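Take a look at the structure set out below.
Bear in mind that the values in this text are calculations on the coordinates, not laboratory data. All values derive from a computational prediction rather than experimental measurement. Glycine also receives a Cβ, built like all others from the backbone with ideal geometry; neighbour counts cover every protein chain displayed.
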Amino acid sequence: MPVTGKRTTLQDYVQSEWQNKNQNRGLGAVILAIAEGSRQVQLQVQQAALVDALGTTGETNVQGEIVQRLDEASSSIFVKTLSDSGQVAAIGCEEIENPVILEEEIGGEFIVLMDPLDGSSNIDVAVSIGSIFGIWQKNAGETVNNDSLLKKGSEQVAAAYVVYGSSTVLVLAAKGTVCGFTLDLESGSYYETHSNIKIPADCPYYSTNEGNSKVLDESTKNAISMLRDKYSQRYVGSLVADFHRNLLKGGIFAYPADINRKDGRLRLMYEANPLGFVAEQAGGAASTGYERILDIPPRELHQRTPLILGNKNVVESTVSVISGG
Ligand code: FDP
């Protein structure tokens, strides 16, 4: 079916936002590299069962988790498209232990941290999954090394994610704006379908793994119980898909610390920072339960964090119960 109406393509959007302006000029190329990578990943996700690409590689990643074959394929695809953009100095990836430093060969300006395929446990069962990206600009005159990737979330210049769901949607956030683009499978182009996204003030949903209730401390248990009393539960189990629904419909996602995982489960640099940035640009908030996610000075690339994310008022009231405030 042909695309209806006069819609802006991602290419045109990026061109008018960044390509012709000196500041962040190369950012457009980074975004288009993410878009091209996601187009290729989307094809692999769709075809996986037919081309024998499901299942595990038999290896565990740096997080100690089993690597899915599509995790590995997605990671290679995005490393290639980002490298080819000529604008990326370094890439940090959830699936790769050490950063890929490209600066010497390419001389790019941007640092990209990514979860190339989020929601691994949903890959083999045709449930929505996605890719997540945080984008930083290197400091003026900086020679990029491994430590250059350890920047605070508040320093991101942009963040993006893609959901491979009933349609493929790319959401892009830069200072003060969040827009969504839907992939047209026929042309392979993304078209703007959601402009100026703001998290609705109403919060119909909460998303959390209720199975973890038994390992929460008392105050966190109370916070989850408050959410349970007020809202309907929706939990896909792919952070990116849960977040996308909550961003468009209103809601809060909570993966708090528990008595076995004091540092939480999700990754600060690949998941919490980028989605925290998107949430804040859309009028929402992101917290560990004790502090703003984007203020955390990172200690290491693969660090974990508790995450309370979504509607600002509800994040604040949840945090106040967790922290006993
Ligand atoms: P997954 O391990 O399947 O990749 O990134 C981690 C993540 O999924 C998130 O996408 C998801 O929200 C969360 O873990 C699910 O964790 P639980 O299975 O513990 O609920």
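Numerical summary
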| item | result |
| --- | --- |
| Residues 177, 318, sorted so that the one with the fewest Cβ neighbours within 10 Å comes first | 177, 318 |
| Net charge contributed by nearby residues that have their C-beta within less than 14 Å of residue 258 (K/R +1, D/E -1) | +2 |
| Potential lengthening between residue 97 and residue 320 on full extension [0.36 nm per residue; Cα-Cα distance subtracted] | 76.7 nm |
| Extension gain, residue 215 back to residue 228 (0.36 nm per residue minus Cα-Cα distance, nm) | 3.0 nm |
| Likely footprinting exposure, 245, 25, fewest C-beta neighbours within 10 Å first | 25, 245 |
| Computed label-point distance, nm, for sites residue 25 and residue 62 using a 7 Å Cα→Cβ extension | 3.2 |
| √(5λ) per eigenvalue of the Cα gyration tensor, the chain, largest first, Å | 29, 22, 21 |
| Surrounding net charge for residue 310, when Lys and Arg each add one and Asp and Glu each subtract one, Cβ distance under 13 Å | +1 |
| Between 0 and 90°, nearest 10: helix 218-230 axis offset from the chain longest Cα axis | 80 |
| Rounded tilt (10° steps) of 69-84 against the dominant C-alpha axis of the chain | 50 |
| Gaussian network model of the chain, springs between alpha carbon atoms under 10 Å - residue of 111, 66, 34 with greatest fluctuation | 66 |
| Ranked list, fewest to most other Cβ atoms within 10 Å of each Cβ, for 269, 1 | 1, 269 |
